[in-house]
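The values are calculated or read from the model by the stated rules, or taken from the named source; none is laboratory data. Please read all numbers here as calculations on a predicted model, not as lab measurements. Cβ atoms come from the backbone with ideal geometry, glycine included; neighbour counts cover every protein chain shown.
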Amino acid sequence: MFKEETAPHRLTVLGSTGSIGVNTLDVIRHLGGRDRFEIMALTGNGNITLLAEQARATGARMAVTADESQYVALKDALDGTGTVVAAGRSGLIEAATMNAEWVMAAIVGTAGLAPTLAAAARGATIALANKECLVSAGELFVQAVQKGGGRLIPVDSEHSAIFQCLEKDQRPSLERIILTASGGPFRTHSREQMAEVTVQAARTHPNWSMGLKISVGSASMFNKALEMIEAKHLFDVGPEQIEVIVHPQSIIHSMVGYSDGSVIAQLGVPDMRTAIGYALTFPARPQLPVDRLDFARIARLDFEAPDETRFPALRLARTALQRGGVQGAAMNAAEETAFDAFVDERIGFLDMADIAETVMEEMIAFGGATSINDVFEADAEARRRAVDAIARKEKAA
Ligand code: NDP
């Protein structure tokens with residue numbers, strides 16, 4: 001059970017206005033809110049109404065919008081509260097540098113990398129929702145956390161599940177990790193049907209309530225692709241040890257297989273507060289108001305092999321893992337750029353994987369990153385190439 005004296009006291013939530021951020025503040029509230037925790041910084045981007053509301057409710061020392069054009073509005077909204085207001089990239093770094101012992105990294109996309117690194121550099125415990133940090137920067141990110149002296153606790157439900165199933169003393173017997181995937185809203189669609197889907201259809205996840213990017217990523221299985229790369233770096237396993245299985249009910253969040261044939265799974269209702277709470281109070285477990293599993297009502301758990309023809313993102317992740325270098329950064333940046341174009345209805349749903357593959361092929365000769373700066377350069381290069389690939393698609397349409 002969670003004990004106040006073992007839990008961190010000073011907390012920061014990067015990306016507090018998003019789906020994970022809102023759930024994080026809910027968990028914090030359930031575990032005692034302002035009586036138990038001090039909120040050092042909250043950050044958002046466009047939703048400053050919510051950010052100001054959160055800062056007022058938690059008494060946050062600092063509130064930051066990544067969008068510089070919103071600075072004055074945020075400052076006005078927090079006038080008289082004593083909350084320090086900042087904006088832009090430097091504001092995000094300032095927020096991450098506040099001396100919180102625990103930092104939730106829940107900004108979406110590569111925009112989260114620099115602030116999360118800033119928190120890691122000063123030794124904070126990083127509750128990592130922003131998988132893009134690991135997909136883009138890989139070992140360099142893990143090394144930055146180690147060098148800072150802090151630790152990384154996964155928040156993605158799959159990786160939290162694996163983290164919970166991995167027994168430290170049994171690492172030599174670990175054979176495989178099995179990531180579960182719901183299959184998303186298009187699990188049974190043909191490729192022809194998928195070519196025509198709308199943004200609205202792609203954002204409607206059957207089991208989870210999440211932000212737009214990850215919801216569309218679940219529909220294309222790009223999210224699972226990112227998770228495969230995330231798993232490699234988090235758990236230091238080889239690509240051949242990472243499996244994906246489609247499990248439409250999203251009850252088993254992931255599994256670990258050992259050399260004696262045993263498989264250990266973590267189960268729960270699809271509610272991110274479980275993984276967030278565990279990351280906050282680890283190694284203890286908090287008391288949380290999430291629904292309990294009713295096995296008789298669930299009755300059955302289904303599994304099926306993923307189809308890499310309809311969901312090529314999984315194949316791309318394996319390619320990125322095998323090639324190494326900056327292929328993860330290239331895949332992620334190209335996919336983020338293609339995602340924006342899909343949301344703007346400039347390209348189709350299946351084009352996202354095409355564009356990521358094109359950019360990965362084009363960047364095959366790029367060497368590995370030896371510094372974070374190399375990662376940012378590879379990211380920028382991949383975005384430029386993705387913009388060109390999108391323009392070619394638009395011209396051909
Ligand atoms: P959301 O889109 O709901 O929220 C993203 C957050 O990042 C918001 O606070 C948003 O601000 C902020 N943001 C957006 N753009 C920028 C930017 N350029 N600079 C700084 N901040 C920015 O995302 P989710 O909460 O769904 O996901 C966050 C991360 O967690 C992702 O990496 C995702 O893959 C991961 N994750 C999410 C899960 C979920 O259940 N949602 C599950 C597992 C992992 P604003 O809203 O004010 O614009």
Give the stretch 220-238 a look and list any residue that's charged (D, E, K, R), under 13 Å from residue 136 (Cα atoms) and away from the ligand (no atom under 13 Å from the Cβ), or say none.
232
Is it true that some residue in the stretch 266-280 is touching a residue at least 12 places away in the same chain (Cβ under 8 Å) and under 17 Å from residue 350 (Cβ atoms)?
no
Considering only residues that are aliphatic (A, V, I, L, M) and within 14 Å of the chain's Cα centre (by Cα), which ones fall in the stretch 14-34?
14, 20
Is at least one residue of the stretch 23-42 at pLDDT 95 or above and within 24 Å of residue 340 (Cα to Cα)?
no
What pairs come up if the first residue lies in the stretch 210-227 and is touching a residue at least 40 places away in the same chain (Cβ under 8 Å) and β-branched (Val, Ile, Thr), the second is within 7 Å of the ligand (Cβ to nearest atom) and assigned to a helix (DSSP H, G or I), and their beta carbons are under 8 Å apart, counting only those six or more places apart or on different chains?
214/19; 214/223
For the list (1) assigned to a helix (DSSP H, G or I); (2) within 15 Å of the ligand (Cβ to nearest atom), I need the number of the one condition that residue 29 fails.
(2)
Number of the condition not met by residue 127 [criteria: (1) of a type in the set (A, V, I, L, M, F, W, C); (2) assigned to a helix (DSSP H, G or I); (3) over 19 Å from residue 221 (Cα atoms); (4) within 13 Å of the ligand (Cβ to nearest atom)]:
(2)
Unique match (being within 11 Å of the ligand (Cβ to nearest atom) and part of a helix (DSSP H, G or I)) among 43, 24
24
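One line per residue, one yes/no per condition, for (1) farther than 25 Å from residue 235 by Cβ; (2) in a helix (DSSP H, G or I):
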{"residue": "292", "(1), (2)": "yes, no"}
{"residue": "302", "(1), (2)": "yes, no"}
{"residue": "306", "(1), (2)": "no, no"}
{"residue": "310", "(1), (2)": "yes, no"}
{"residue": "353", "(1), (2)": "yes, yes"}
{"residue": "379", "(1), (2)": "no, yes"}
Odd one out for residue 51 among (1) more than 9 Å from the ligand (Cβ to nearest atom); (2) surrounded by 21 or more Cβ atoms within 10 Å (Cβ to Cβ); (3) among the aliphatic types (A, V, I, L, M)
(1)
